[in-house]
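J.: I'd like to ask some things about the structure below.
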Amino acid sequence: MARLRKTSSTRRARGDTTEAGQAPRPGPPRRGVLAALAALSASGALGACSVPAPRRTGPVADPAPGIPIAAPRHALLMQILAHPDDDLYFMNPDARQMLADGVPVVCVYVTAGESDGRNRIPGAAGVPVDKAAYASARHQGLRQAYAHLLGLDVFTAWRRDTVTLRGGARAEIDTLADGARRVELVFLNLAMHTARGNRPGLPSLWHDRALTLPTVVADGSPLRRSGGYDYDRLVDVLAGLLERYRPTVVHTLDPDPDIQLSDEATRRKDSEQRGYSDHADHTAVASFSWAAMIRRVAEATRDGGGVPAFAVTAFRGYHNRHWPKNLPRTVLDRKAEPLVPYGGGVDWACGNTAGCGDYNVGGRRPLTNEKGWIRSTRHRHPGPRMAVAAEDDGRLTAYGVLGLRAVRWRETTPGGGRWGEPEDLGGGPLAPVLGTTALPDGRRLLFGLRLTSISGHGSGDDARELVVLEQRSPGGPFRAWQGLGNPERDGDRGRRAGVPVAVTDRAGRVHLFVRNADQGVSTRSREPDGRWRGWRDLGGGAVQDGLAAVVDSAGRVHVLGAGHDTVHHWAQEHPGAAVTHRPSAGLPAPVDVPAAVAAADGTVELLFRRELDYRRASPRDGRGTADPRLVRVRPDGTVLPAPAFEGYGPVTADGTALLGRDLGGRLQVRTGDGLFTRTSGPQALGTPVLVTTASDVRVIGLGPDGHPWTWRPSAEAPS
């Protein structure tokens, strides 16, 4: 079987020597959206301890930069799930919107989902144990749910086949197409982990290469015989599926869930693994998924081949229970729709004698369940999917992650909105979101969260670190990747490190911020002479991952995060002072990372959405929904008029324009000239980027085909 390839320590990371271009030319001034808020609202339109840096050398890029990027095929989404329904609970509405846009979807279910074998009928007692039947009923529920998502009758017949995968493994593949739209369900059917039965499952398989797990033969499946998987076979089969389908987007579960202490009764009731905010199967399957993606890239590039051009999104799971809910009622209802046919009913005439859905958790029960898992959709690595910078000749440069590696795109002509092919900058395997800032002389720094080791066998073999790539000269080549360590000394705690966020102050000092294992904020700073200081814990309250950092007009650095019950704020007392935690001013809790804008008067303004019927003083179960309207406040508690901008998800603002999604998932931009809605073109993966000049507003997004696109709302009529 194929093994992960090790990069020779003698290979040196090469810098990319392509020269950058010119910056956009200034034009006539535009009306700022925040400056015009009062008129728009009136009209209805609108004390830390220091932690030394670990001693380690910088990581060698794996492999070195300069490898060609394989030209992507048509867009295709692959989702790798632990259980039937993980996609419906945690990966929508993202996946649903891509399917609605015609992107084919392949779902790989690693376990059979047989649980304890009881498909409990509401109101009935004495349900017999039948694991093969329960697995079959859940698979039938998936077929009903995806038929509904394709706009077809829920009982539409699927083509059901068996296929031989790498190493001789056998799987069932169910296929349904409606014109160009297509869904394939791949059932590997490994036996599911159950906490109550103490049965070995995927978590054990991740840590023990000598273990073999059997597969479950679901009733009615065209696959008649059970098989078995060990660690290497599962990684190899998943890597082989990535090669077979060549997805441009991969959805996984969360490989590094939060450390979360719950009482034993709640933990067992909610199926959370001890000490962490997710099901143990979710974490194991996510870890296997990332190991398989690393193997896929290593195999593809082994003999001079190109890097597979796929983008990755990892989704939070049971984490959603512990934080304010971020979906408004309209979006939540749409997300819950396919769970009704997934749950099916005992009286349904679906033709599957083993059962017509998952009676335990389907139907309307997800909306009444106090666990609230369905009421949020959150990414493990939140933030803009690209970092965009202006070149001297008027072209834009975008930096992002494809094939787990940093890449760079350039506009083909200044302001033309068309993008060239990606250039490989190495550094992998990287999480999908980069941080960025510029030095005073124009040189750019890129920051990544690197999955340095993901191989199982205990927490010491799964490591994460922060890394940086620094330009040698403005618009010029880059130096080698440099390791910045991790704010945590312990390997298991280090896995909880968040995505990097950075700003440069007026003195040329770079401030790097990440969420740490205690859900607080840690920082490292780079002095103007290039020296990096050690990690420092900033203290303060717990926040979600995804931080906002800004330098105000007085030169002070601010960092803000979304807490359980308020906005948490860290700032400098004066320029050059240490960044410290500030007492809460009683602000409501954002459901996503707040947008922070430095106002001209020296204040900072925040824009975000909050939970409706807010009543949370500490993490607990809840059935809340997000308010689709924006809140606009200052960190000192001052409430300001907010623009009319209903929608969901995080927003981006820069004082000139406001970017976000409407309740239908379409991108919208508000400027001083009005509200603009994007009604055509590819979806944007995650959060797109807002680029404004004195004369223009542009939105840069990464499409499902792995290629950037540009939308110029200022060239359209307001909606």
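The values are calculated or read from the model by the stated rules, or taken from the named source; none is laboratory data. Not measured: the values here are computed from a predicted model. A quick note on method: Cβ atoms are made from the backbone with ideal geometry, for glycine too, and the neighbour counts reach across all protein chains shown. These area figures cover heavy atoms from the full protein model, side chains too; ligands, DNA and RNA do not enter into them. Shrake-Rupley method; radii C 1.70, N 1.55, O 1.52, S 1.80 Å.
J.: What about PRO257, is it under 20 Å from the mean Cα position of the chain (by Cα), closer than 28 Å to LEU211 by Cα, in a loop (DSSP other than H, G, I, E, B) and not polar (S, T, N, Q)? Don't jump to the end; show me each part of the working.
T.: Details: under 20 Å from the mean Cα position of the chain (by Cα): yes; closer than 28 Å to LEU211 by Cα: yes; in a loop (DSSP other than H, G, I, E, B): yes; not polar (S, T, N, Q): yes.
Spelling it out, PRO257 is indeed under 20 Å from the mean Cα position of the chain (by Cα), closer than 28 Å to LEU211 by Cα, in a loop (DSSP other than H, G, I, E, B) and not polar (S, T, N, Q).
J.: Also, I was wondering about something else. Tally time: how many residues in segment 662-674 are more than 27 Å from the chain's Cα centre (by Cα) and either among the hydroxyl-bearing types (Ser, Thr, Tyr) or closer than 24 Å to THR377 by Cβ (or both)?
T.: The total comes to 1.
J.: Could I ask something else about it? Counting only residues that are in a loop (DSSP other than H, G, I, E, B), on the phi < 0 side of the Ramachandran plot and not acidic (Asp, Glu), how many does segment 461-500 have? Working first, answer last.
T.: So in segment 461-500, the residues in a loop (DSSP other than H, G, I, E, B) come out as 472-477, 479-481, 484-490, 495-500.
Those left that are additionally on the phi < 0 side of the Ramachandran plot: 472-474, 476-477, 479-481, 484, 486-490, 495-500.
If we keep only those that are not acidic (Asp, Glu) too, we end up with 472-474, 476-477, 479-481, 484, 486-487, 489, 495-500.
Number satisfying all stated conditions: 18.
J.: So in segment 427-445, with the set limited to residues that are in a strand (DSSP E or B) and more than 19 Å from the chain's Cα centre (by Cα), which one is surrounded by the fewest Cβ atoms within 10 Å (Cβ to Cβ)?
T.: ALA438
J.: Which one is most open to solvent (accessible area, probe 1.4 Å) among residues in segment 670-690 that are more than 17 Å from PRO432 (Cα to Cα) and of a type in the set (Val, Ile, Thr)?
T.: Among those that are more than 17 Å from PRO432 (Cα to Cα) and of a type in the set (Val, Ile, Thr), it is THR679.
J.: Step by step: first the residues of segment 586-610, then only those that are among the acidic types (Asp, Glu) and part of a loop (DSSP other than H, G, I, E, B), then the one that is surrounded by the most Cβ atoms within 10 Å (Cβ to Cβ). Which residue is that? First the steps, then the outcome.
T.: Residues of segment 586-610 among the acidic types (Asp, Glu): 592, 601, 605.
Among the residues that remain, those that are also part of a loop (DSSP other than H, G, I, E, B) are: 592, 601.
Numbers: ASP592: 25, ASP601: 9.
Filtering first and then ranking leaves ASP592.
J.: Let me ask something else about it. What residue, of ARG321, ARG244, ARG295, is over 27 Å from THR687 (Cβ atoms) and crowded, with 23+ Cβ neighbours inside 10 Å?
T.: Details: ARG321 fails: over 27 Å from THR687 (Cβ atoms); ARG244 fails: crowded, with 23+ Cβ neighbours inside 10 Å.
Selected residue: ARG295, the only one of ARG321, ARG244, ARG295 that is over 27 Å from THR687 (Cβ atoms) and crowded, with 23+ Cβ neighbours inside 10 Å.
J.: Among the residues of segment 155-176 satisfying the criterion of being within 15 Å of LEU238 (Cβ to Cβ) and either part of a loop (DSSP other than H, G, I, E, B) or of a type in the set (Asp, Glu) (or both), which is farthest from the chain's Cα centre (by Cα)?
T.: Of everything passing the filter in segment 155-176, ALA169 is farthest from the chain's Cα centre (by Cα).
J.: Which of (1) over 23 Å from ALA354 (Cβ atoms); (2) at pLDDT 95 or above; (3) surrounded by 19 or more Cβ atoms within 10 Å (Cβ to Cβ) is the odd one out, the single condition PRO203 does not satisfy?
T.: (2)
J.: While we're on this one: Tally time: how many residues in segment 299-310 are touching a Ser or Thr at 6+ places or on another chain (Cβ under 9 Å) and surrounded by fewer than 24 Cβ atoms within 10 Å (Cβ to Cβ)? If you could, list the steps in order and put the result at the bottom.
T.: Filtering segment 299-310 for residues touching a Ser or Thr at 6+ places or on another chain (Cβ under 9 Å) gives 307-310.
Those still in the list that are surrounded by fewer than 24 Cβ atoms within 10 Å (Cβ to Cβ) too: 307, 309.
So the answer is 2.
J.: Restricting attention to segment 359-387, and to residues there that are open to solvent by 20 Å² or more (accessible area, probe 1.4 Å) and out of contact with any Lys or Arg (no Cβ under 9 Å at 6 or more places or on another chain), which single residue is modelled with the lowest pLDDT?
T.: ARG364
J.: Pairs, please: C-beta under 7 Å, at least 6 apart or cross-chain, first residue surrounded by fewer than 24 Cβ atoms within 10 Å (Cβ to Cβ) and acidic (Asp, Glu) and in segment 103-116, second outside any loop (DSSP other than H, G, I, E, B) and modelled with pLDDT under 95?
T.: If the second residue must be outside any loop (DSSP other than H, G, I, E, B) and modelled with pLDDT under 95, the pairs left are ASP116/THR194.
J.: In segment 403-448, which residues are in contact with a helix residue (DSSP H, G or I) (Cβ under 7 Å, 6 or more places away or on another chain) and at positive phi?
T.: Of everything in segment 403-448, those that are in contact with a helix residue (DSSP H, G or I) (Cβ under 7 Å, 6 or more places away or on another chain) and at positive phi turn out to be GLY403, LEU404.
J.: Going through segment 117-147 one residue at a time, which ones are closer than 19 Å to VAL183 by Cβ and either open to solvent by 10 Å² or more (accessible area, probe 1.4 Å) or under 28 Å from the mean Cα position of the chain (by Cα) (or both)?
T.: If the condition is that a residue be closer than 19 Å to VAL183 by Cβ and either open to solvent by 10 Å² or more (accessible area, probe 1.4 Å) or under 28 Å from the mean Cα position of the chain (by Cα) (or both), then ARG138, HIS139, GLN140, GLY141, LEU142, ARG143, GLN144, ALA145, TYR146, ALA147 are the ones that fit.
J.: Continuing with the same structure: Considering only segment 549-562, state which residues are outside any loop (DSSP other than H, G, I, E, B) and either basic (Lys, Arg) or surrounded by 24 or more Cβ atoms within 10 Å (Cβ to Cβ) (or both).
T.: Residues of segment 549-562 that are outside any loop (DSSP other than H, G, I, E, B), as a first pass: 549-551, 557-562.
Passing the criteria: VAL557, VAL559, LEU560, GLY561, ALA562.
J.: Another question about this same structure. Does any residue in segment 290-307 that is within 13 Å of GLY428 (Cα to Cα) come within less than 7 Å, Cβ to Cβ, of a residue that is of a type in the set (Gly, Ala, Ser) and surrounded by fewer than 22 Cβ atoms within 10 Å (Cβ to Cβ) six or more places away or on a different chain, and which pairs are these?
T.: ALA291/SER455; ARG295/ALA2; VAL307/ALA70; VAL307/ALA300
J.: May I pose another question? Quick one: is GLY448 open to solvent by less than 10 Å² (accessible area, probe 1.4 Å) and either of a type outside the set (Phe, Trp, Tyr) or closer than 16 Å to ASP256 by Cα (or both)?
T.: Yes, satisfied.
J.: Just to be sure I understand, how many residues within segment 612-627 are open to solvent by less than 30 Å² (accessible area, probe 1.4 Å) and either more than 16 Å from ASP592 (Cα to Cα) or modelled with pLDDT of 95 or more (or both)? Quick ask: steps written out before the conclusion?
T.: Applying the first criterion (open to solvent by less than 30 Å² (accessible area, probe 1.4 Å)) to segment 612-627 yields 616, 622, 624-627.
Filter again for either more than 16 Å from ASP592 (Cα to Cα) or modelled with pLDDT of 95 or more (or both), leaving 622, 626-627.
Residues that pass the stated criteria total 3.
J.: Here is a follow-up. Which of the residues that make up segment 169-198 are under 28 Å from ARG118 (Cβ atoms) and open to solvent by 60 Å² or more (accessible area, probe 1.4 Å)?
T.: Result: ARG170, ARG196, ASN198.
J.: Also: Of the residues that sit in segment 446-460 and are of a type in the set (S, T, N, Q) and part of a strand (DSSP E or B), which one is nearest to PRO203 (Cα to Cα)? Write out each step before concluding.
T.: Applying the first criterion (of a type in the set (S, T, N, Q)) to segment 446-460 yields 452-453, 455, 459.
After this cut, where a residue has to be part of a strand (DSSP E or B) as well, the list is 452-453.
Values: THR452: 20, SER453: 17 Å.
Looking at the filtered set, the residue picked out is SER453.
J.: Could you list, in sequence order, the residues of segment 489-504 that are in contact with a Pro (Cβ under 9 Å, 6 or more places away or on another chain) and surrounded by 19 or more Cβ atoms within 10 Å (Cβ to Cβ)?
T.: Once the filter is applied, which keeps residues that are in contact with a Pro (Cβ under 9 Å, 6 or more places away or on another chain) and surrounded by 19 or more Cβ atoms within 10 Å (Cβ to Cβ), segment 489-504 yields GLY494, ARG495, ARG496, ALA497, GLY498, VAL499.
J.: Taking only segment 159-168 into account, find how many residues are at pLDDT 95 or above, open to solvent by 30 Å² or more (accessible area, probe 1.4 Å) and out of contact with any Pro (no Cβ under 6 Å at 6 or more places or on another chain).
T.: Summing the residues that are at pLDDT 95 or above, open to solvent by 30 Å² or more (accessible area, probe 1.4 Å) and out of contact with any Pro (no Cβ under 6 Å at 6 or more places or on another chain) in segment 159-168 gives 5.
J.: Scanning segment 287-302 for residues that are touching a Lys or Arg at 6+ places or on another chain (Cβ under 9 Å) and basic (Lys, Arg), which turns out modelled with the lowest pLDDT? Explain how you work it out, then say what you get.
T.: Within segment 287-302, the first condition is being touching a Lys or Arg at 6+ places or on another chain (Cβ under 9 Å), and the residues that meet it are 295, 297-299, 301-302.
Now restrict to residues that are basic (Lys, Arg): 295, 302.
Working: ARG295: 96, ARG302: 91.
Within segment 287-302, the match that is modelled with the lowest pLDDT is ARG302.
J.: Kindly indicate whether any position in segment 343-350 is open to solvent by 10 Å² or more (accessible area, probe 1.4 Å) and either within 13 Å of PHE90 (Cβ to Cβ) or touching a Lys or Arg at 6+ places or on another chain (Cβ under 9 Å) (or both).
T.: yes
J.: Do you know which residues across segment 563-585 are farther than 13 Å from VAL631 by Cβ and assigned to a strand (DSSP E or B)?
T.: Within segment 563-585, GLY563, HIS568, HIS569, TRP570, ALA571, GLN572, VAL579, THR580, HIS581, ARG582 qualify.
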